[in-house]
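*Asks:* One structure coming up, written as structure tokens, with questions to follow.
No lab work stands behind these numbers, since they all come straight from the coordinates. Computed from a prediction, not measured in an experiment: that's the story for all the values here. Glycine gets a Cβ as well: all are built from the backbone with ideal geometry, and neighbour counts include every protein chain shown.
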Amino acid sequence: MDPIYHRGQRLDLRPISMADAEIFVRWFNDPDVSQYLGRDVPLTLEEEKKWIEGRVGDAANQILVMVHRAERRPIGTVGLHGMSGQNRKAVFGIQIGEKEFWNQGLGREATELTLEIAFDRLNLNRVELEVYETNPRAIRVYERAGFRAEGVARQGRWIRGRYVDVRRMAILAEEWRVRKSLTAASEVCQT
Ligand SMILES: CC(C)(COP(=O)(O)OP(=O)(O)OC[C@H]1O[C@@H](n2cnc3c(N)ncnc32)[C@H](O)[C@@H]1OP(=O)(O)O)[C@@H](O)C(=O)NCCC(=O)NCCS
């Protein structure tokens, strides 16, 4: 059985393994997925295996696989990248490679679980990200999880024939703790 690193309501997060290489290659070569990830060159199995190998013992980059518990299958990944000890921050990344699972609230759940890991387990102070303005679904997920916009890099990326603006967003540990206590309080009121 796969080790579970963090458990949510519908999702479990587990560490990546070499056995994931093939499915990752399928996900990251799917243009519907990769158009939002800024990668426009084909990903090979060899490259992906090498990348996974490099993640062993890599404390600065924590990549986790989202497993749909009821379906018992991996559907995507989340990552805390470039963790920096002095600044206690990381860059958040997410992709649900199995498109049939989009728009079911799983992206939001995975984002919130990753923030729990970032702030409660790893004691980070800031989680930041970049998202294309052409990706309103992701922006909505980040806003609902508590990320705040910090600015826009105008025409920051060339994606498939045009420049797109890139929104920078971040959430601080103190903001996340306030949100968490407000959620807990509203749950108490409802019981
Ligand atoms: C982005 C992604 C992680 C979101 O996960 P998801 O499970 O599909 O999203 P959720 O169902 O949790 O939430 C989607 C939200 O966006 C809203 N939404 C969906 N399409 C939308 C659109 N075109 N415009 C505005 N909002 C939209 C939904 O109504 C929902 O909001 P709500 O919770 O207020 O109802 C997932 O779709 C994905 O992996 N996409 C491809 C890769 C990617 O874009 N990664 C992010 C790169 S920054």
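*Asks:* How high is the relative contact order of the range 1-128? Use alpha-carbon pairs under 8 Å, at least six apart in sequence, and give a whole percent.
*Replies:* 23 percent
*Asks:* What does the charge count near R55 come to, summing +1 for each Lys or Arg and -1 for each Asp or Glu among other residues with Cβ under 14 Å from its Cβ?
*Replies:* Its environment carries a net charge of -2.
*Asks:* Grab the DSSP H runs of the chain that are 4 residues or longer, score each as -39,500 (n - 2.57), total them, divide by all residues and round the 222 nm result to the nearest 500 deg cm²/dmol.
*Replies:* It lands at -10000 deg cm²/dmol.
*Asks:* Here is a follow-up. What share of all Cα pairs of the chain, in percent, falls into each consecutive 10 Å distance bin?
*Replies:* P(r) for the chain, in whole percents per bin: 8, 34, 39, 16, 2, 0.
*Asks:* Which aspartates and glutamates, on any chain, are close to K49 with Cα under 17 Å apart, when same-chain ones fewer than 8 places away are left out?
*Replies:* Straight-distance partners of K49: D20, E22, D58.
*Asks:* In addition: Which stretch or stretches of the range 74-97 have amide N atoms under 13 Å from the point lying 7 Å from N125's Cα along the Cα→Cβ direction?
*Replies:* 84-90
*Asks:* Return the FRET efficiency for the residue pair R7, Q35: r is the Cβ-Cβ distance, R0 is 30 Å, and the value is rounded to the nearest 0.05. Working shown, then result.
*Replies:* Working: r = 31 Å, r/R0 = 1.03.
Result of the calculation: an efficiency of 0.45.
*Asks:* Rank-order 129-135, 25-31 by packing density, defined as the average count of other C-beta atoms within 10 Å over each peptide's residues, highest first.
*Replies:* So the peptides 129-135, 25-31, ranked by packing, come out 129-135, 25-31.
*Asks:* Which lysines, if any, have their Cα less than 24 Å from the Cα of K89, not counting same-chain residues under 8 positions apart?
*Replies:* Partners found: K180.
*Asks:* Using modelled amide H (1.01 Å from N, peptide plane; none on Pro or chain starts), what sits under 5 Å from the amide H of G146, excluding residues fewer than 5 places away?
*Replies:* Placed amide hydrogens put nothing under 5 Å from G146.
*Asks:* Pop out the ³J(HN,Hα) list for the range 78-86 in order, Karplus 6.51 cos²θ - 1.76 cosθ + 1.60 with θ = phi - 60°, rounded to Hz; leave Gly and Pro as x.
*Replies:* 10, x, 10, 9, x, 5, 10, x, 5
*Asks:* Still on this structure, please answer the following. Cα to Cα, under 19 Å, and not fewer than 8 places away if on the same chain: which lysines meet these conditions relative to K99?
*Replies:* none
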